[in-house]
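One structure is given below, encoded as structure tokens.
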Amino acid sequence: MNTAQAQLGAVLSAGGPSLARLLERTEARLAEVAETHGAALGVLAAGTLAAGGKRLRPVLVFLCGDGEDDRLVAAGTAVELLHMATLVHDDVLDAAELRRGRPTVFAAACSPAATATGDLLFSRAFAELAATGSEDAVRALSTASSALAHGELMQRADAWNENVPPERYLERCRLKTASLFEASCRLGALFRGRPDLAPALGQFGERLGVAFQMLDDVLDVSGPAERTGKPRGADLLDGTVTLPLILARRQDPTLPGEVTTPQQAEAVCERIAATGALDDARGQALAHVTAAKQALDGLQLSQQRTNALQLVADGVVERYA
Ligand code: IPE
Ligand code: IPE
Ligand code: MG
Ligand code: MG
């Protein structure tokens, strides 16, 4: 277990031995996938996979699923591969230097190599799911993948804009992040043979994903990099306008929108924090977590499953990475 996963310790206990076994099998499959596609790309893909990560999306697949069906492992592997593909590409778009406490593929091997690595991870994600023979599953992942691309483009279009409305920011969170959380939960429902649960579990995942991105944006301002594995103020440096900045500008309209050095970014992060915007954004994220938990009401999942999913939801706003 890596440090980021240790944060999920309580969830792992609540999920029982089958969750731990499914995660182990997923880890083994991820390593296999990275190794079998040519030395040059394989090294970059394997490095990305080995750097860890919380494996939160596979956990959602398994907790929304039931049993230890091979198709759940395929789905868990697919959502993590898609997630990693988007991170490798995201780091090109954001010109990010650090991820999971290590240099990004973009920083270590330049942008064409990162683009190719992301492409490889994308294609392997779909191959993994196609092997289950479920068209619905492939469609769910494809929907998330398209939404993600749309969200990333919206974010670029909003860069440096001082007047991004909060509603548009929320829509970006939904597209960029929540869509894959939703798909993960839907895949779990599908492969437990309960497609009727997919809408409600999908809704749980979507609300959770919005809260997760809001918290990620809070962590970008609060840091510290030693805890998050990502540089503090990275969003400010690349012009990404997030909720903390939108809220802080209401209190401190002179906050500069453009920073060019990490030192300036640190200083603006301090000013954002001084306005109370981080607590406000955290509070808004918490409301989405509450809505996520409400989506579980009346589903008649086992008590153990409900507890574990609620723990995941609580963990989204009580995290440091
Ligand atoms: C990072 O996701 C990207 C966002 C959606 C904010 P995670 O925080 O789940 O990344 P890892 O997998 O744990 O590194
Ligand atoms: C999430 O947004 C990226 C994706 C969903 C691909 P961020 O740009 O905030 O993610 P980090 O902070 O780089 O992990
Ligand atoms: Mg980024
Ligand atoms: Mg971020």
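The values are calculated or read from the model by the stated rules, or taken from the named source; none is laboratory data. Predicted, not measured: the structure shown is a model, and the values here were computed from it. Glycine also receives a Cβ, built like all others from the backbone with ideal geometry; neighbour counts cover every protein chain displayed. Areas reflect the complete protein model, heavy atoms only, side chains present, ligands, DNA and RNA absent. Shrake-Rupley method; radii C 1.70, N 1.55, O 1.52, S 1.80 Å.
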| field | Every pair of residues 6+ apart whose Cβ atoms lie under 9 Å, when the first sits in segment 227-238 and is more than 9 Å from ligand 4 (Cβ to nearest atom) and part of a loop (DSSP other than H, G, I, E, B) while the second is modelled with pLDDT of 90 or more and among the charged types (D, E, K, R) | value | Pro231/Asp220; Arg232/Asp220; Arg232/Glu266; Gly233/Asp220; Gly233/Glu266
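Per-residue answers, yes or no, for (1) in a helix (DSSP H, G or I); (2) closer than 30 Å to Asn307 by Cα; (3) not β-branched (Val, Ile, Thr):
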{"site": "Gly47", "(1), (2), (3)": "yes, no, yes"}
{"site": "Lys54", "(1), (2), (3)": "no, yes, yes"}
{"site": "Val61", "(1), (2), (3)": "yes, yes, no"}
{"site": "Gly67", "(1), (2), (3)": "no, yes, yes"}
{"site": "Gly76", "(1), (2), (3)": "yes, yes, yes"}
{"site": "Phe106", "(1), (2), (3)": "yes, no, yes"}
| message | Can you find, within segment 78-104, the residue that is nearest to the chain's Cα centre (by Cα) among those that are in a strand (DSSP E or B) and within 11 Å of ligand 2 (Cβ to nearest atom)? | response | Arg99
| query | Based on what the data block shows, is Ala109 small (Gly, Ala, Ser), in contact (Cβ under 8 Å) with a residue 60 or more places away in the chain and within 21 Å of Ala40 (Cα to Cα)? | reply | yes
| What are the pairs, 6+ residues apart or on separate chains, where a residue within segment 189-208 that is under 21 Å from Leu170 (Cβ atoms) and free of Cβ contacts under 8 Å to residues at least 24 places away in the same chain has its Cβ under 6 Å from a residue that is of a type in the set (A, V, I, L, M, F, W, C) and in a helix (DSSP H, G or I)? | Gly202/Cys185
| field | In segment 115-147, residue surrounded by the fewest Cβ atoms within 10 Å (Cβ to Cβ) [restricted to those that are over 18 Å from the mean Cα position of the chain (by Cα) and small (Gly, Ala, Ser)] | value | Gly133
| task | Kindly check whether there is at least one residue in segment 180-202 that is surrounded by fewer than 18 Cβ atoms within 10 Å (Cβ to Cβ) and within 16 Å of ligand 3 (Cβ to nearest atom). | result | no
| Selection within segment 93-105 - away from ligand 4 (no atom under 14 Å from the Cβ) and either open to solvent by less than 40 Å² (accessible area, probe 1.4 Å) or under 12 Å from Ala45 (Cα atoms) (or both) | Val105
| query | Exactly one of (1) polar (S, T, N, Q); (2) more than 15 Å from ligand 2 (Cβ to nearest atom); (3) at pLDDT 95 or above is unmet by Asn161. Its number? | reply | (3)
| query | Within segment 155-174, which residues are within 18 Å of Ala281 (Cβ to Cβ), touching a Gly at 6+ places or on another chain (Cβ under 6 Å) and not in a helix (DSSP H, G or I)? | reply | Glu162
| field | The listed residue being surrounded by fewer than 20 Cβ atoms within 10 Å (Cβ to Cβ), more than 16 Å from ligand 1 (Cβ to nearest atom) and closer than 30 Å to Thr48 by Cβ, out of Pro224, Pro262, Pro256 | value | Pro262
| Considering only residues of segment 265-286 that are touching a residue at least 60 places away in the same chain (Cβ under 8 Å) and open to solvent by 50 Å² or more (accessible area, probe 1.4 Å), which is nearest to Arg232 (Cα to Cα)? | Arg282
| task | Filter segment 203-217 for residues that are touching a Lys or Arg at 6+ places or on another chain (Cβ under 8 Å), more than 19 Å from Leu301 (Cβ to Cβ) and either modelled with pLDDT under 95 or more than 16 Å from ligand 3 (Cβ to nearest atom) (or both) and give the result. | result | Val210
| said: If I go through segment 238-291 residue by residue, how many of them are within 19 Å of Ala178 (Cα to Cα) and away from ligand 3 (no atom under 16 Å from the Cβ)? | reply: 11
| field | Where Pro112 falls short, out of the listed (1) more than 16 Å from ligand 3 (Cβ to nearest atom); (2) crowded, with 16+ Cβ neighbours inside 10 Å | value | (2)
| message | Cβ-Cβ distance below 8 Å, separation of 6 or more or different chains: which pairs start in segment 88-100 with a residue that is without any contact (Cβ under 8 Å) to a residue 60 or more places away in the chain and end on one that is buried (at least 19 other Cβ atoms within 10 Å of the Cβ) and of a type in the set (Ser, Thr, Tyr)? | response | Val88/Thr48; Val88/Thr104; Val88/Thr117; Asp91/Thr104
| said: Looking only at segment 28-55, how many residues end up being at pLDDT 90 or above and in contact with an Asp or Glu (Cβ under 9 Å, 6 or more places away or on another chain)? | reply: 3
